[in-house]
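Down below is the structure, laid out as structure tokens.
The values are calculated or read from the model by the stated rules, or taken from the named source; none is laboratory data. Quantities reported herein were computed from a predicted structural model and do not represent experimental measurements. Note: ideal-geometry Cβ built from the backbone for every residue, glycine included; neighbour counts use all protein chains shown.
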Amino acid sequence: MTAPISKAEWERQRRETMNGMDDLVDKVPKDKNGLPKVLLGYQAKTVGLLDTVSTKVLFIEKSRRIGLTWALAAYAVLRASRPKSRRGMDAMYISYSQEMTREFVDACAMWARAFNIAASEIEDGLFEEGDIDGDKSIQTFRIRFASGYQIKALSSAPRGLRGKEGVIIIDEAAFVDDLGELIKAAMAFLIWGGQVIVCSTHDGADNAFNEQVQDILGGRLPYNHLKIDLDDALLDGLYARICLVGGNEWSPEGEARWRQDLIDFYGDGADEELFCIPSLSSGSWIPAPLIEARMTAEAPVLRLELPGDYLHLDKLAQKSLMAPFLEELEEVLGSLDLDFRYAAGFDFARVADLSVLPVLAIEPNLKRTEAFSIEMRNVPGDEQKLVVGMVLEHLKERLLGAAFDATGMGWTVAEDMGRRFGLREDEDGPGLIWAIKFTQDWYRIHMPPLKTAFEDDMIAIGPDENHLGDMRAVKVVRGIPRVPEIRTNEKGEAKDKKGKKRHGDYAIGLALAHFASRMRWVEYGYRAASTFKRHQRAEARMSMTPRRDRDMAVRDPFAGPLGARIRGDV
């Protein structure tokens, strides 16, 4: 990814621009406290365009993190608070997640208070769909105004728009499930003087949102269009406002550095996420905002990278290189809450890619929360088996199972772990270790439940920029979510260092761990009938037992057969 303007060029342009602005500062509109007016230029332009009679449908291509949804909330309050004689009407908001809808209504409540408009408290309710089944409903949040109109936030199901009229805002439209059908349902609002606003970051060139934009730009659709990328927002004062809110002093150097840091953070996705340039692929399988929203777990990432000459070193040198990592691992394992059950996934690599081992804790409400993850680069097979074995040995009494990438060399690790913990060969078989040989069908069947967990807030992972990039690397290829062959650069590399590559490694490891957490794990196999101390006590009792009775085992008559144990939950 190459940004349209380099960091140095942006700094130079902004310095030259601001040097000529000193005499205009006093002319900038201020509020009663002498602070700049609340809406920035691009936000005010959007609201102004929407508040004209001629704007029936508006498509907005936007950058991430520029606060446009906040401006749309202001517009929704303005329309819903007016009487009918002044073009007042209901305003409805749709996005791909309930969290976003709640945040939008909260922003509307803030604007209503700021505008001093009489509005009710936010209500949580159920809007009855009136479907044929008669038992379906859509969770809604709403604000009622003295005008008689409301702001309502709805789900993204197209059927939810039936029988309604007013202003409809479809936010982050590229990420809703069926945008084409949703827009088709929304266009009925125009019949009674309503308005349709479709706003989104891009999610691939062949996404329905981009197809609509291209039809507008090509003159095939008579809709209004706006494009607001990161640089547009910065020129209108986005970073200056961030400084104002944070109590920091604005400078062209600081703005250029902040801009470049943001570009570096998004890496290969910066063109699409920040500069409104849709990628040539089909877009990320799980949208970045949703991934970030689930990065709430305090999950450490343990990274081990060994030098290229590791195998040529003597045993003492090898142990000294491994010791710090193993000590850190023991500390993390010792801090785990063993009241939870656990599941693990292991994506093996040896040369070009990373070996990744995410471990998920299954909470009582069945939410999967990442406990920790391990990344290994250039680590020989024996050392990888040592690390993985330590994890599984510590968790074996609370482990539902572990799914291993058994493609290529990964089979050797899966096989050796299977020797220790039991190898599982089918869904109803015994063993803790399931060796997975990836196929199209495996991705097709077992990747969707992971996405559902993200959408339903039933998974939490640790915040890590490389893991975010790995999750965004999953694309829909011919209808099946998987990681394409293209590799990306690892974040955080020094400028003079050859970039290390990633290949969605964490995403595959997490998919395996989530798969393992969902399986019905039943283990049959031999386990020692007693611990060493119990064995000593049994020997002591035997020594006091008459010889004729010593042939009978001293054990609980109600105990099950030796070696039979059931692990996991049914």
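Assorted remarks:
- Top-ranked residue in the stretch 433-452 [being among the aliphatic types (A, V, I, L, M) and under 17 Å from Ala402 (Cα atoms); ranked as surrounded by the fewest Cβ atoms within 10 Å (Cβ to Cβ)]: Ala435
- Pairs where the first residue, in the stretch 50-73, is under 17 Å from Glu292 (Cβ atoms) and the second is assigned to a loop (DSSP other than H, G, I, E, B) and charged (D, E, K, R), C-beta under 6 Å, 6+ apart: Ser63/Asp229
- Residue list for the stretch 382-412, filter: over 29 Å from the mean Cα position of the chain (by Cα), farther than 19 Å from Gly334 by Cα and at pLDDT 90 or above: Asp382, Glu383, Lys385
- Residues being part of a helix (DSSP H, G or I) and either among the hydrophobic types (A, V, I, L, M, F, W, C) or surrounded by fewer than 21 Cβ atoms within 10 Å (Cβ to Cβ) (or both) - total across the stretch 270-279: 4
- Unmet requirement for Leu321, which otherwise passes all of (1) in contact (Cβ under 8 Å) with a residue 24 or more places away in the chain; (2) touching a Leu at 6+ places or on another chain (Cβ under 8 Å); (3) closer than 29 Å to Met409 by Cβ: (1)
Every residue, every condition in (1) among the acidic types (Asp, Glu); (2) farther than 15 Å from Ile60 by Cα; (3) not in a strand (DSSP E or B), yes or no:
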residue	(1), (2), (3)
Cys199	no, no, no
Gly204	no, yes, yes
Val213	no, no, yes
Asp231	yes, yes, yes
Ala240	no, yes, yes
Cys243	no, yes, yes
Trp250	no, yes, yes
Asp261	yes, yes, yes
Tyr266	no, yes, yes
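- Residue satisfying all of: in the stretch 135-161; touching a strand residue (DSSP E or B) at 6+ places or on another chain (Cβ under 9 Å), surrounded by fewer than 17 Cβ atoms within 10 Å (Cβ to Cβ) and part of a loop (DSSP other than H, G, I, E, B); modelled with the lowest pLDDT among these: Lys136
- Residue check for Ser335: closer than 20 Å to Thr296 by Cβ, among the hydroxyl-bearing types (Ser, Thr, Tyr) and surrounded by 15 or more Cβ atoms within 10 Å (Cβ to Cβ): no
- Among residues of the stretch 419-469 being hydrophobic (A, V, I, L, M, F, W, C) and part of a loop (DSSP other than H, G, I, E, B), the one that is nearest to Phe348 (Cα to Cα) is Phe438.
- Residue list for the stretch 345-368, restricted to those being under 18 Å from Met519 (Cβ atoms) and touching a residue at least 24 places away in the same chain (Cβ under 8 Å): Gly345, Phe346, Asp347, Leu357, Pro358, Val359, Leu360, Ala361, Ile362, Leu366, Lys367, Arg368
- Counted residues, the stretch 382-432 - those being among the aromatic types (Phe, Trp, Tyr) and crowded, with 23+ Cβ neighbours inside 10 Å: 1
- A count restricted to the stretch 88-103 and to residues that are in a loop (DSSP other than H, G, I, E, B) and touching a Lys or Arg at 6+ places or on another chain (Cβ under 7 Å) stands at 3.
- Taken residue by residue, the stretch 312-329 has no member that is part of a strand (DSSP E or B), in the same structural domain as Arg368 (by TED's automatic domain parsing) and surrounded by 11 or more Cβ atoms within 10 Å (Cβ to Cβ).
- In summary, Met519 fulfils each of the numbered conditions (1) under 19 Å from Phe346 (Cα atoms); (2) modelled with pLDDT of 90 or more with the single exception of condition (2).
- Residue, surrounded by the most Cβ atoms within 10 Å (Cβ to Cβ), within the stretch 339-359, restricted to residues that are assigned to a loop (DSSP other than H, G, I, E, B) and either out of contact with any helix residue (DSSP H, G or I) (no Cβ under 8 Å at 6 or more places or on another chain) or at pLDDT 95 or above (or both): Phe340
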